[in-house]
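The values are calculated or read from the model by the stated rules, or taken from the named source; none is laboratory data. As the structure is a prediction and not an experimental result, all values here were calculated from the model. No Cβ is skipped: glycine too gets one built from the backbone with ideal geometry, and neighbour counts run over all protein chains shown.
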Amino acid sequence: MLKKIVTIATFVGALAVAGPAYATTTEIGHTDNPPAPSCPGSPCLAVSKTTGFQAKIGDTKSPMVSPVNGRLVAFTLQLAKPDDNQINFFNSNLGGAPSARISVLRLQSDKKTYKLTAQGELWDLTPYLGMTAQFPLNSTLIVRQGDLIALTVPTWVSNFGLKNVSTAGNQWRASRKTGECNTSKIPVAKKSKPQQKVGSLRRYDCDYTAARLLYWAYYVPD
């Protein structure tokens with residue numbers, strides 16, 4: 001169970017700069033008693049080289065879809081602390097140190113393709129392993145009703161919740177093509193790439209069950 005919570009100090013400053021309308025934030029994607037991330041136990045799994053989002057939590061479908069227009073101001077990651085051997089393995093095979101950014105996606109008419117409309121700055125997560133850390137956005141991101149808040153991972157992130165997570169009640173989706181979903185195979189994982197070009201379109205063909213991406217976000221309604 002992770003007990004150490006870190007709030008990056010500039011979060012308060014970001015809200016102050018934004019003005020009085022940003023005095024109250026709303027969480028999206030957070031649940032009571034989320035599962036602990038898997039590492040450093042066995043299996044120690046990491047989210048790798050993709051943009052992904054939680055599609056179902058319990059009876060809640062689309063928990064990361066914004067119900068209103070607003071602005072995204074921060075996000076939180078619940079991070080495990082892999083041991084040194086596990087960190088070295090992930091760093092060597094998945095492109096370097098753990099890193100992530102928050103992204104805003106808009107579902108297109110085919111119901112499988114998403115447009116990347118905005119993304120936050122990239123964070124090196126090495127100092128925050130083993131913590132639940134909140135990251136402010138230097139510039140807030142516009143979110144429209146129906147947009148989806150996703151997590152973009154250029155390398156790897158140890159925020160995979162597996163313990164006591166049901167298959168039926170947990171599903172997440174990744175920006176990978178059909179046939180490239182089995183990232184337990186290192187060559188497939190290395191080939192995977194996140195969606196990071198604002199304005200780009202990407203199919204999200206890979207659905208995974210019995211796992212929780214441990215992130216949530218904060219927005220201010222218009």
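Couple of notes before you dig in:
- Within segment 125-166, restricting attention to residues that are in contact with a Gly (Cβ under 9 Å, 6 or more places away or on another chain) and among the charged types (D, E, K, R), the residue that is farthest from Leu94 (Cα to Cα) is Arg144.
- Exactly one residue out of Gly146, Gly179 is in contact with a strand residue (DSSP E or B) (Cβ under 8 Å, 6 or more places away or on another chain), surrounded by fewer than 20 Cβ atoms within 10 Å (Cβ to Cβ) and among the small types (Gly, Ala, Ser): that is Gly146.
- Checked against the criterion of being of a type in the set (Gly, Ala, Ser), buried (at least 23 other Cβ atoms within 10 Å of the Cβ) and touching a residue at least 12 places away in the same chain (Cβ under 8 Å), segment 62-69 has no qualifying residue.
- Residues that are free of Cβ contacts under 8 Å to residues at least 40 places away in the same chain, in contact with a Ser or Thr (Cβ under 7 Å, 6 or more places away or on another chain) and not acidic (Asp, Glu), drawn from segment 122-142: Leu122, Trp123
- Residues (more than 22 Å from Gln119 (Cβ to Cβ) and not in a helix (DSSP H, G or I)) located in segment 181-205: Cys181, Asn182, Ser184, Lys185
- Taken over segment 75-99, the residue count meeting the criterion of being aliphatic (A, V, I, L, M) and in contact (Cβ under 8 Å) with a residue 60 or more places away in the chain is 4.
- Residue check for Leu162: crowded, with 23+ Cβ neighbours inside 10 Å, in contact (Cβ under 8 Å) with a residue 12 or more places away in the chain and under 19 Å from Ile57 (Cβ atoms): no
- Screening Lys191 against (1) surrounded by fewer than 19 Cβ atoms within 10 Å (Cβ to Cβ); (2) in contact with a Gly (Cβ under 6 Å, 6 or more places away or on another chain); (3) not aromatic (Phe, Trp, Tyr) leaves a single unmet condition, (2).
- Looking only at segment 22-50, and only at residues there that are among the hydroxyl-bearing types (Ser, Thr, Tyr) and in a loop (DSSP other than H, G, I, E, B), the one that is nearest to Gly146 (Cα to Cα): Thr25
- Every pair of residues 6+ apart whose Cβ atoms lie under 6 Å, when the first sits in segment 202-213 and is under 17 Å from Arg106 (Cα atoms) while the second is among the polar types (S, T, N, Q) and surrounded by fewer than 21 Cβ atoms within 10 Å (Cβ to Cβ): Arg203/Thr113; Asp205/Thr178
- Close pairs from segment 173-194: first under 16 Å from Thr155 (Cα atoms) and at pLDDT 85 or above, partner among the acidic types (Asp, Glu) and surrounded by 13 or more Cβ atoms within 10 Å (Cβ to Cβ), Cβ under 7 Å, at least 6 apart: Arg176/Asp205; Ser192/Glu180
- Residue match in segment 86-98 (condition: in contact with an Asp or Glu (Cβ under 9 Å, 6 or more places away or on another chain) and under 22 Å from Asp207 (Cα atoms)): no
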